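Visitor: This is the structure I have questions about; it appears just below.
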């Protein structure tokens with residue numbers, strides 16, 4: 001079983017729509033959680049750190065459910081520029097490395 | 001711009017050749033990480049350094065791979081006798097680990113895209 005699993009999508013949504021997707025992780029001892037955004041052929045860029053059950057940053061909201069071991073990301077009022085692959089990232093108990101999901105692709109259309 | 005730089009950005013080499021990549025982390029960051037990413041997958045951890053000490057290596061890192069961070073600043077990743085399966089994006093990341101914090105966000109460089117023909 002993979003450490004981090006994501007629905008690969010793609011999620012195709014119109015501008016202005018709300019889109020949400022989940023990620024599950026296998027290690028119950030995981031301590032820290034992040035969402036990274038990756039554009040085609042570019043490096044991952046940190047979008048949000050998820051410290052508690054609900055984290056909001058502008059149009060983006062991340063939810064953490066430790067009991068069910070999942071993290072979700074919700075994007076409100078989608079913009080064309082939100083089109084990207086969103087990587088769910090979990091920190092191992094030893095802290096030094098990140099475990100990445102394979103990513104969820106979101107395409108926002110005009 | 002996160003401040004992590006990598007060189008070269010692209011490398012095409014023939015099977016059997018040796019290649020070396022360089023990473024310059026954000027200047028005050030004491031931890032440096034190497035990851036590998038193939039198409040359709042998330043990055044996979046290869047190794048990391050705390051200052052100049054290499055503290056962990058993934059089993060993905062075969063004997064043909066070696067990494068150094070001689071002065072605790074920049075790092076190099078060398079692949080000897082390259083194989084076609086080594087073709088991937090090699091990403092470097094850095095973070096600042098402090099004793100009073102438990103979460104260390106990692107910031108990535110633009111990557112080196114290796115193609116082995």
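What follows draws every value from the coordinates through simple rules; no lab data is involved. Just so it is clear, the structure is predicted and the values come from calculations on it, not from any experiment. Every residue, glycine as well, gets a Cβ built from its backbone with ideal geometry; the counts of neighbours run over all protein chains shown.
Visitor: Select from region A:94-110 the residues that are in contact with a strand residue (DSSP E or B) (Cβ under 7 Å, 6 or more places away or on another chain) and away from chain B (no Cβ under 14 Å) and write down the one among them that is nearest to residue A:4 (Cα to Cα). Steps first, please.
Guide: Narrowing region A:94-110 to residues in contact with a strand residue (DSSP E or B) (Cβ under 7 Å, 6 or more places away or on another chain): A:96-109.
Among the residues that remain, those that are also away from chain B (no Cβ under 14 Å) are: A:106-109.
Numbers: A:106: 18, A:107: 22, A:108: 25, A:109: 28 Å.
The selected residue is A:106.
Visitor: When the residues of region A:77-93 are filtered to those that are part of a loop (DSSP other than H, G, I, E, B) and surrounded by 15 or more Cβ atoms within 10 Å (Cβ to Cβ), which remaining residue is farthest from the other protein chains (Cβ to nearest Cβ)?
Guide: Result: A:78.
Visitor: Of these, B:72, B:42, B:85, which one is over 13 Å from the mean Cα position of the chain (by Cα) and assigned to a helix (DSSP H, G or I)?
Guide: B:85
Visitor: Look at residue B:47 and say whether it is assigned to a strand (DSSP E or B), touching a residue at least 12 places away in the same chain (Cβ under 8 Å) and either surrounded by fewer than 16 Cβ atoms within 10 Å (Cβ to Cβ) or touching a helix residue (DSSP H, G or I) at 6+ places or on another chain (Cβ under 7 Å) (or both).
Guide: No, not satisfied.
Visitor: Right, here's the next one. Which residue, of B:66, B:58, is under 20 Å from residue B:12 (Cα atoms), surrounded by 14 or more Cβ atoms within 10 Å (Cβ to Cβ) and without any contact (Cβ under 8 Å) to a residue 60 or more places away in the chain?
Guide: Selected residue: B:66, the only one of B:66, B:58 that is under 20 Å from residue B:12 (Cα atoms), surrounded by 14 or more Cβ atoms within 10 Å (Cβ to Cβ) and without any contact (Cβ under 8 Å) to a residue 60 or more places away in the chain.
Visitor: What number of residues within region A:21-59 satisfy the criterion of being in contact with a helix residue (DSSP H, G or I) (Cβ under 9 Å, 6 or more places away or on another chain) and not in a loop (DSSP other than H, G, I, E, B)?
Guide: Here the count works out to 1.
Visitor: For residue B:83, are the conditions met, namely being more than 13 Å from every other protein chain (Cβ to nearest Cβ), closer than 30 Å to residue A:8 by Cα, surrounded by fewer than 18 Cβ atoms within 10 Å (Cβ to Cβ) and touching a residue at least 60 places away in the same chain (Cβ under 8 Å)?
Guide: Yes; evaluated as a whole, the condition is true for this residue.
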